[in-house]
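The values are calculated or read from the model by the stated rules, or taken from the named source; none is laboratory data. If you're wondering where the values come from, they're calculated on a predicted model, not measured in any experiment. Positions of Cβ are generated from backbone atoms using ideal geometry, with glycine treated the same way; all protein chains shown enter the neighbour counts. What goes into the accessible areas is simple: the full protein's heavy atoms, side chains included, and nothing from ligands, DNA or RNA. Shrake-Rupley method; radii C 1.70, N 1.55, O 1.52, S 1.80 Å.
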Amino acid sequence: MASADTIAAVATAPGRGGIGVVRISGHGLEALARTLLGKPLRPRLASLSNFLEHDGSVIDQGIALYFPAPHSFTGEDVLELQGHGGSAVMQRLLKRCLALGARLAEPGEFTRRAFLNDKLDLAQAESVADLIDAASEEAAKSAVRSLQGEFSLAVHGVVERLIELRMLVEACIDFPDEDVDFLQAADALGKLSHVQAQLNQLLAKAKQGSLLREGVHVVLVGQPNVGKSSLLNQLAGDEVAIVTAIAGTTRDTVREEIEIQGVPFHIIDTAGLRDTACEVEQIGIARTWAAVEKATLVLLLLDSREGITPQDEAILARLPPKLPVVQVFNKIDLLPRKAGIEQDAGVTRIFVSAKSGAGLDLLRQNLLQMGGWEQTGEGAFMARERHLRALEQARASLENAAENWLQLEFFAEELKLAQNALNSITGEFGADDLLGEIFSRFCIGK
C-alpha cells in the first residue's frame, strides 16, 4: 500500500548528542539525495557526505545511507542522514529536506508505513514503541521477542488450529449428510480442547509481558506514623519521602518507580488515614482513596506494637472487596520479633522493619507474587491491554463453543468470533480508527 508523498523527521531524541539522524521515506528519493548531497549514492553503503543548502553551502558533514524499496524498514525508499547531534543542526537539515519536497512525518508514520507495506504485522509494529519505552532489561527482552515475531507466530499457531476445526464444522453445515457423528469421529472436541490449552498458554505469557509493560501499581495506606514513608524510602533505596515523628507529615501522594527482578512497580505513598479537621490533610486523605481505586495491590501498614486496631479494621472494611491486600506489620525492631511472613485464611501478613530493612526481601518477593509475576520473563510477550482483551474475547468464544457444540451454526459462529479476535492482534482484522489510535502514540521519527 504505497503512499504518494515523502515524509521526513528527526529520528533521534531532542537535545544535544554526539549524533543526530534525519530519516526520509518515500518513492524516487535518488533525485532528492543527489540534490542534497551533490552526488549519487550506492544502496546500503555508508557514504561520508556534505549535506548541502540550496546555495551549495554546507549544512553539516556526516554519513548518508540509502535503502531502495522494498528492502528498507518502511518498504519504500529510505534515506538516513547521520550528522552532529545539535538541535539547531538537525532542524536546519530537516528544513532543507522539507524544502526539497518532503513533509513532516506524523507520530509513528514510519512504522505505520512498514505495517501497511507488510514489513511488520501490527503486534510487531507496536513492539517497536514498547522497545523504545522499555523501562527494564526484562521489558526490553520481551519487546524484542515480540518485534522478532514470536508473539505473532504464537497467535498464528492458535489460528491455524482454529481454522482446521472450523473446516470440519463448516463441512457438517454445508453437507447435511455429515452430522454430529462426523465431528465426534474427527475428535472435534479434542481439537477444541487443544486449541483452548494453546490459547491459555499464550494468554499467560501475554499477561506476564503486560506486567513488564504496565507495571504493578502499589498503594501504601494506613494510619499516620505507621512507617509508610519510611517503607517507600527503603524500597526506593533513596530518601524520596519526608520522614518525621510528627503524625500527618505526608499530606499528598508521593510516587516512586522501583524495579524488582525486572518488573516495574509504581509505589505510591499516601497521607495517613484518620479523622481530622485540617482541610489540607483532608484533601490528602481524599487523594489516598482516589489512588486506592486505581491500585493493583494495597499494602496496609500497621504498627506491630499495636496490632490491628479498630481504626485499621475500618480502613480494611472500606477497601474495594476484590483488591488484593497485604498486611505489613512494621517496626518489629521495637519488639523481640523476627521478620517473617504468615498466611491464614487468605490473609497475608508480613513482619518488617522499615528502619533496619529486616523483612524487605520477603516483602519484595510477595509483591512479585501478588502482582501476578510467575516467571523470570523468559518467553513472556510484550502485550498491551488490547491484546489481552482480544485473547480474553477469543477464550470466551471458545468456551461458548464448547458448551454449545451440538448446535452447529452456533458452534461455527463462536469459532469465527474467536478467530477474528485473534486476527485483530496482528492486524489482519481491524478498523482504521484502531490503527490511528495505535500509531498516534509513537514518537515522531519512528
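Taken over segment 53-68, the criterion of being farther than 17 Å from residue 88 by Cα and either within 38 Å of the chain's Cα centre (by Cα) or outside any loop (DSSP other than H, G, I, E, B) (or both) is satisfied by 63, 64, 65, 66, 67, 68.
Residues are listed down the side, and each one gets a yes or a no for (1) buried (at least 17 other Cβ atoms within 10 Å of the Cβ); (2) touching a Ser or Thr at 6+ places or on another chain (Cβ under 6 Å):
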{"site": "331", "(1), (2)": "yes, yes"}
{"site": "334", "(1), (2)": "no, no"}
{"site": "383", "(1), (2)": "yes, yes"}
{"site": "404", "(1), (2)": "no, no"}
{"site": "408", "(1), (2)": "yes, no"}
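Wholly within segment 1-52, which strands (runs of 3 or more DSSP E) include no fewer than the required count, namely at least 1 residues that are within 20 Å of residue 110 (Cβ to Cβ) and of a type in the set (S, T, N, Q)? Don't jump to the end; show me each part of the working.
Working: elements: 7-10, 17-26, 47-52.
Ranges flagged: 17-26.
Residues in segment 101-126 that are among the small types (Gly, Ala, Ser) and open to solvent by 30 Å² or more (accessible area, probe 1.4 Å): 101 alone.
So, residue 67, is that one without any contact (Cβ under 8 Å) to a residue 60 or more places away in the chain, under 24 Å from residue 132 (Cβ atoms) and aromatic (Phe, Trp, Tyr) or not? Before the answer, list the steps.
Working: without any contact (Cβ under 8 Å) to a residue 60 or more places away in the chain: yes; under 24 Å from residue 132 (Cβ atoms): yes; aromatic (Phe, Trp, Tyr): yes.
For residue 67, the condition - without any contact (Cβ under 8 Å) to a residue 60 or more places away in the chain, under 24 Å from residue 132 (Cβ atoms) and aromatic (Phe, Trp, Tyr) - is met.
For segment 315-392, please list each of the strands (runs of 3 or more DSSP E) lying entirely inside it that holds at least 3 residues being within 31 Å of the chain's Cα centre (by Cα). Here the list reads 325-330, 347-351.
Only one residue in 35, 74 is among the hydroxyl-bearing types (Ser, Thr, Tyr) and buried (at least 17 other Cβ atoms within 10 Å of the Cβ). Which one? Spell out how you get there, then give the answer.
On the way: 35 fails: buried (at least 17 other Cβ atoms within 10 Å of the Cβ).
The conditions single out 74.
Out of all the residues in segment 326-350, which are on the phi > 0 side of the Ramachandran plot and of a type in the set (A, V, I, L, M)? Passing the criteria: only 345.
Open to solvent by less than 10 Å² (accessible area, probe 1.4 Å) and either farther than 24 Å from residue 326 by Cα or at pLDDT 85 or above (or both), is that true of residue 222? Before the answer, list the steps.
Working: open to solvent by less than 10 Å² (accessible area, probe 1.4 Å): yes; either farther than 24 Å from residue 326 by Cα or at pLDDT 85 or above (or both): yes.
Answer is yes for this residue.
For segment 290-298, indicate whether the set of residues that are modelled with pLDDT of 90 or more and either closer than 21 Å to residue 232 by Cβ or open to solvent by 60 Å² or more (accessible area, probe 1.4 Å) (or both) is non-empty. First the steps, then the outcome.
Step one: list which residues in segment 290-298 are modelled with pLDDT of 90 or more, which gives 297-298.
This time we only want the ones that are either closer than 21 Å to residue 232 by Cβ or open to solvent by 60 Å² or more (accessible area, probe 1.4 Å) (or both), so: 297-298.
Yes; the residues of segment 290-298 include at least one that is modelled with pLDDT of 90 or more and either closer than 21 Å to residue 232 by Cβ or open to solvent by 60 Å² or more (accessible area, probe 1.4 Å) (or both).
Counting the residues of segment 336-364 that are in contact (Cβ under 8 Å) with a residue 12 or more places away in the chain and in contact with a strand residue (DSSP E or B) (Cβ under 9 Å, 6 or more places away or on another chain) gives 19.
Quick one: would you say residue 57 is of a type in the set (S, T, N, Q) and either open to solvent by 60 Å² or more (accessible area, probe 1.4 Å) or within 30 Å of residue 210 (Cα to Cα) (or both)? The answer is no for residue 57. So, residue 389, is that one at pLDDT 90 or above and open to solvent by 70 Å² or more (accessible area, probe 1.4 Å) or not? For residue 389, the condition - at pLDDT 90 or above and open to solvent by 70 Å² or more (accessible area, probe 1.4 Å) - is met. Evaluating residue 40 against the criteria (1) closer than 30 Å to residue 118 by Cα; (2) open to solvent by less than 30 Å² (accessible area, probe 1.4 Å); (3) not β-branched (Val, Ile, Thr) leaves one unmet condition, (2). Scanning segment 127-150 for residues that are open to solvent by 50 Å² or more (accessible area, probe 1.4 Å), within 12 Å of the chain's Cα centre (by Cα) and either under 12 Å from residue 7 (Cα atoms) or not charged (D, E, K, R) (or both) yields 131, 132, 135.
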